[in-house]
Amino acid sequence: MRARVPAAPPGRNATDERQREMNNDGTTGGTTGGAGASDGTAAHRDGRTLLRFERRLRHPPERVWRALTDPAELSAWLADAVLEPAAGGKFELRWLNAGDDPPVARGTVTAFDPPRLLELDSDIHGRLRWELTPVPEGTRLVFTSDVELPGDYLIQTLAGWHLHLDYLEEALDGARVDWANWTAARWQVHHDRYAARLGALDAVRALHRRILDGWNARDGRAFAEPFRDDGETIGFDGTLHSGRAEIAAQTDRIFAGHPTGRYVAVVRDVRVIGPGAAVLRAVAGMVPPGASDLNPDANSVQTLTASRVADEWRVALFQNTPAAYHGRPEASAALTAELRALLAGEGGREA
């Protein structure tokens, strides 16, 4: 079956991508959360990036499936393609918005289950997966791209796939992209929004890092500095401290009273939950004073709520909850093993 599908989302040059190296932590760590329901997210793990989008489409799965696999319909929203409609088949995707020398993705159809699942394993875009689920209003579409992605291409790629999925929604209602006269104007709008959102996530991630650095340096003022004037902390034992000045003073009292351990932490998730508001979730372990190994009893789940004051992000609440995992010893052991692996490396990272 011949189909029309593009090989690189708008704003990307796939050939250049393959020649670039991934930044150590990409542009973001953990998961990038979206303020908009249709916005994509990105999770980084083991040198790969998983992009994920979810859309609710006002058409049944059978209609959406045709748009994903029919040659004439694919060209309306994605690209030129040759696609063999069976698992194990070959495909070739040729982008339509990339000028006279468009990039081409080639690979294997790894899943073809109409009208539920289409998965393509490509040479330059990794594994592309479309999952369709019937819902009362039509179809729930989950699209993922599991790819080795240079960090400086993350924003461009999110914006590109976002735009293609916009085009898909329009194509289901009969529209077609005029590729000959295509411009990057709509893509730029998405790009700028993702850039602003991911910049916010980086800022919130940095707040968490500064809190842990302040603790590890045994410096109450540095620990408290990222907080709002009225910020609050809830400690491992449930103690509440309110206000930046009190947080600094009480933390310095802790440091003066006895030796303290050193944190090692992994950021699990960061997301914008509304205008000027974000939540970070992390797991952390602690190395006791003078020791070289973690104390598993001190493992914790950390939650940080941040708000934007003027043009600056500040911590509204930082809570440290024991990671007891009652009745689940295997979960506790797995967390300890993960944190020990980090400790054996750089002593902590944001994943």
request  = May I ask you to list the residues in the range 123-145 that are at pLDDT below 95 and more than 13 Å from ARG58 (Cβ to Cβ)?
outcome  = ASP123, ILE124, HIS125, GLY126
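Taking LEU294 as the residue in question, decide whether it is in contact with a Gly (Cβ under 8 Å, 6 or more places away or on another chain) and either under 22 Å from ALA341 (Cα atoms) or not in a strand (DSSP E or B) (or both). Let's see the steps before the verdict.
On the way: in contact with a Gly (Cβ under 8 Å, 6 or more places away or on another chain): yes; either under 22 Å from ALA341 (Cα atoms) or not in a strand (DSSP E or B) (or both): yes.
Here the answer is yes, as LEU294 does meet what is asked.
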inquiry  = Condition (residue is more than 21 Å from ARG45 (Cβ to Cβ), in the same structural domain as GLU92 (by TED's automatic domain parsing) and free of Cβ contacts under 8 Å to residues at least 60 places away in the same chain) applied to the range 141-160: is it met by at least one residue?
reply    = no
request  = Output the number of the condition that ASP219 fails; it satisfies all remaining conditions of (1) charged (D, E, K, R); (2) farther than 13 Å from ALA306 by Cβ; (3) under 31 Å from the mean Cα position of the chain (by Cα); (4) surrounded by 15 or more Cβ atoms within 10 Å (Cβ to Cβ).
outcome  = (3)
query = Given the conditions (1) in a loop (DSSP other than H, G, I, E, B); (2) over 22 Å from GLY214 (Cβ atoms), which single one is not true for VAL272?
reply = (1)
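Those residues that are at pLDDT below 90, in contact with a strand residue (DSSP E or B) (Cβ under 7 Å, 6 or more places away or on another chain) and among the small types (Gly, Ala, Ser), I need them from the range 271-286; list them, please. Let's see the steps before the verdict.
Taking the range 271-286 first, the residues at pLDDT below 90 are 271-278.
Checking the rest, the ones that are also in contact with a strand residue (DSSP E or B) (Cβ under 7 Å, 6 or more places away or on another chain) come to 271-273, 276-278.
GLY276, ALA277, ALA278, listed by residue number.
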key: Pair list, Cβ < 8 Å and 6+ apart or interchain, from the range 235-257 residues that are outside the structural domain of ARG218 (by TED's automatic domain parsing) and under 17 Å from LEU304 (Cα atoms) to residues that are in a strand (DSSP E or B) and modelled with pLDDT under 95   = none
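Which one is nearest to ALA43 (Cα to Cα) among residues in the range 195-249 that are assigned to a helix (DSSP H, G or I) and of a type in the set (Asp, Glu)? Write out each step before concluding.
Kept after step one, since they are assigned to a helix (DSSP H, G or I), are these residues of the range 195-249: 195-216, 220-224, 244-249.
When the remaining residues are screened for being of a type in the set (Asp, Glu), the result is 202, 213, 246.
On the way: ASP202: 14, ASP213: 24, GLU246: 36 Å.
Looking at the filtered set, the residue picked out is ASP202.
Name the residues in the range 60-75 that are more than 27 Å from ALA180 (Cβ to Cβ) and surrounded by fewer than 16 Cβ atoms within 10 Å (Cβ to Cβ), would you? Full working, then the answer.
As a first pass, look at the range 60-75 and keep what is more than 27 Å from ALA180 (Cβ to Cβ): 60-62, 65.
Residues satisfying the conditions are PRO60, GLU62.
State whether the residues of the range 205-219 include one that is small (Gly, Ala, Ser), out of contact with any helix residue (DSSP H, G or I) (no Cβ under 6 Å at 6 or more places or on another chain) and within 30 Å of ASP39 (Cα to Cα).
The initial filter retains those residues of the range 205-219 that are small (Gly, Ala, Ser), namely 206, 214, 217.
Still in the list and also out of contact with any helix residue (DSSP H, G or I) (no Cβ under 6 Å at 6 or more places or on another chain): 206, 217.
Subsequent filtering for residues that are within 30 Å of ASP39 (Cα to Cα) retains 206.
Looking for residues that are small (Gly, Ala, Ser), out of contact with any helix residue (DSSP H, G or I) (no Cβ under 6 Å at 6 or more places or on another chain) and within 30 Å of ASP39 (Cα to Cα), one finds at least one in the range 205-219, hence yes.
Any residue at all in the range 255-262 that's surrounded by fewer than 22 Cβ atoms within 10 Å (Cβ to Cβ) and over 19 Å from GLY285 (Cα atoms)?
Pass one, the range 255-262, residues surrounded by fewer than 22 Cβ atoms within 10 Å (Cβ to Cβ): 255-262.
Next, from what is left, pick out any that are over 19 Å from GLY285 (Cα atoms): 256-257.
Looking for residues that are surrounded by fewer than 22 Cβ atoms within 10 Å (Cβ to Cβ) and over 19 Å from GLY285 (Cα atoms), one finds at least one in the range 255-262, hence yes.
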request  = For the range 279-289, indicate whether the set of residues that are buried (at least 18 other Cβ atoms within 10 Å of the Cβ), of a type in the set (A, V, I, L, M), free of Cβ contacts under 8 Å to residues at least 60 places away in the same chain and not in a strand (DSSP E or B) is non-empty.
outcome  = no
ask   = Checking TYR263 against (1) among the aromatic types (Phe, Trp, Tyr); (2) without any contact (Cβ under 8 Å) to a residue 24 or more places away in the chain; (3) not in a loop (DSSP other than H, G, I, E, B), which single condition isn't satisfied?
value = (2)
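The values are calculated or read from the model by the stated rules, or taken from the named source; none is laboratory data. Predicted model only: the values in this text are computed from it and were never measured. Virtual Cβ from ideal backbone geometry, glycine too; neighbours counted across all protein chains shown.
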